[in-house]
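The values are calculated or read from the model by the stated rules, or taken from the named source; none is laboratory data. Everything quoted here is computed from the prediction, not taken from an experiment. Please note: Cβ atoms are built from the backbone with ideal geometry, for glycine as well, and neighbour counts cover all protein chains shown.
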Amino acid sequence: MRKLILKSGLYVFLILLGLEGLVRLFHLGKDTPTRFLDEHKVEKWVPNQNGFSVTGNRRQNFSEFRINNSGFNSYREFTPTKDNEEIALVGDSFIEGFHQNYYNSIGKKIENMLPNIEVYEYGYAGYDFADQLHLIHSYKEQFDLIDHVILGIKFSNDLTRNEYQVVAGRLALESTTNRMLKKSKLLVYCKNIGILDPPQKLMYKTLNLLRPKTTPKKLSEAEIEKTKKEKENKFLENFESLISKYGYDKNRFTLLLDAGKTSPLFMNYLKENNFTYIDFSEPFKASNRSTTLIYDRHWNNHGRELIAKEIVTYIQKKKAQ
C-alpha cells in the first residue's frame, strides 16, 4: 500500500511537471507584470517589464506588452515638451491594450495618421475616473506640457466614487502567496481557462448553505426606475466632485465615450456645460465587422482602428478651428 501511494504520488508529480513544461513550451499561460504604488500613491506597473498576454485555451489572443519607464504599456517613453505636440490617452484596460501588440496600439495607429504628433498611453486595467484625474493631478507638471488629454469614461461604472482612494484589492494581487502561485504557468493557465472555477463555486455554495437564507425583495417597475435615477444622479454628483477636487481643463481635456451606452442625463450635462467629447458609438454601429474580441468586450484590431480614426478626426477639426 505504501509503495502504491509513493508511486502514485511520483506519477502525479511527473505528469504535473510535464504539463508545466508543455504550457511553458507553447506559451499557453499569460505573463502578468508586477504592479506597485508609487510615491504619489498612483497605482501602475513596475517599469521596464516585458511579456505576453494570452487569452483562451487555444491562445485565442496572443500579444506582447512592454511596460515603459513611466509604468504603462507603451512602445515609447513619455517625454512631453513645450515645442512638440502630444496627445495623452488616459483610461482603463481598453487604453492599456494588453489585447494588442504594444507596437500596434491605438496610440501607434494615431501616430501613423498624424506623423508629427506623439501619443502617450496612460492605460491601466481597472482605472476609473477618480484614478485618471488623480494620475493627472499627481503628474501635473508632465500633463501641463501635453496638448490634448483624452480620458476614456464609462458612465455605468467609472463614477462610483467622488474621490480617489487606493484600491487595496488590486494591490493584494501582489501578495507573497499570489506571487508564488503565479510562478506556476500551469496554475495560471488552468485559472484563465476556468478549470478552477467549479471547485471555487462549490466552496461558495457550501459557505452559503451555512448562512441564513434571505429572500430578496422584488421591486416594482416604478421602484426600479427610481433606483436607476438615484444612481445616475449620484454618478453625476461624483463627476462634479471629482473635477472640482482635481481640476479639469476644458480647453485640453476631452472625454472618449459611447453615447449609446451613456445616460441621457450625463450627455445633456456635458452639452449644457461645454464639455467636449468624442462619441464612437456611430462608427461602431455602422461597421459591418465586429469591433470587439470574440471572447470578451475589449476592442479588437478593427475596433481600435475606428477609435484611432475618431480621435484623429477630432484633433484635425480642433486644429482647424
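The table below gives the values:
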read-out: THR55 vs. criteria of a type in the set (Ser, Thr, Tyr), closer than 24 Å to TYR122 by Cβ and either touching an Asp or Glu at 6+ places or on another chain (Cβ under 8 Å) or buried (at least 21 other Cβ atoms within 10 Å of the Cβ) (or both); value: yes
read-out: Residue match in region 6-21 (condition: part of a loop (DSSP other than H, G, I, E, B) and of a type outside the set (Asp, Glu)); value: no
read-out: Residues of region 191-244 satisfying the condition of being touching a Lys or Arg at 6+ places or on another chain (Cβ under 8 Å) and modelled with pLDDT of 75 or more; value: ASN238
read-out: Filter result (in contact with a helix residue (DSSP H, G or I) (Cβ under 6 Å, 6 or more places away or on another chain), touching a residue at least 40 places away in the same chain (Cβ under 8 Å) and within 22 Å of ILE87 (Cα to Cα)) within region 248-283; value: ASP258, ILE278
read-out: Residues located in region 263-299, provided they are in a loop (DSSP other than H, G, I, E, B), surrounded by 16 or more Cβ atoms within 10 Å (Cβ to Cβ) and either in contact with a Gly (Cβ under 7 Å, 6 or more places away or on another chain) or at pLDDT 95 or above (or both); value: SER263, PHE275, PHE280, THR291
read-out: Helices (runs of 4 or more DSSP H) contained in region 68-140 and holding at least 3 residues of a type outside the set (Val, Ile, Thr) and over 13 Å from VAL42 (Cβ atoms); value: 93-96, 106-113
read-out: The listed residue being farther than 12 Å from VAL312 by Cβ and more than 16 Å from the chain's Cα centre (by Cα), out of GLU141, GLU111; value: GLU141
read-out: Which numbered condition ASN57 fails, given (1) at pLDDT 95 or above; (2) over 21 Å from ILE106 (Cα atoms); (3) polar (S, T, N, Q); value: (1)
read-out: Flag for THR177 being farther than 29 Å from ARG76 by Cα and in a helix (DSSP H, G or I); value: yes
read-out: Qualifying residue in region 170-190 (condition: at pLDDT 80 or above, within 23 Å of the chain's Cα centre (by Cα) and either among the hydrophobic types (A, V, I, L, M, F, W, C) or loosely packed, with under 10 Cβ neighbours inside 10 Å (or both)); value: yes
read-out: Residue that is surrounded by the most Cβ atoms within 10 Å (Cβ to Cβ), among those in region 141-164 that are in a loop (DSSP other than H, G, I, E, B) and among the hydrophobic types (A, V, I, L, M, F, W, C); value: LEU159
read-out: Evaluation of GLU223 against (1) touching a residue at least 12 places away in the same chain (Cβ under 8 Å); (2) part of a helix (DSSP H, G or I) (one fails), failing number; value: (1)
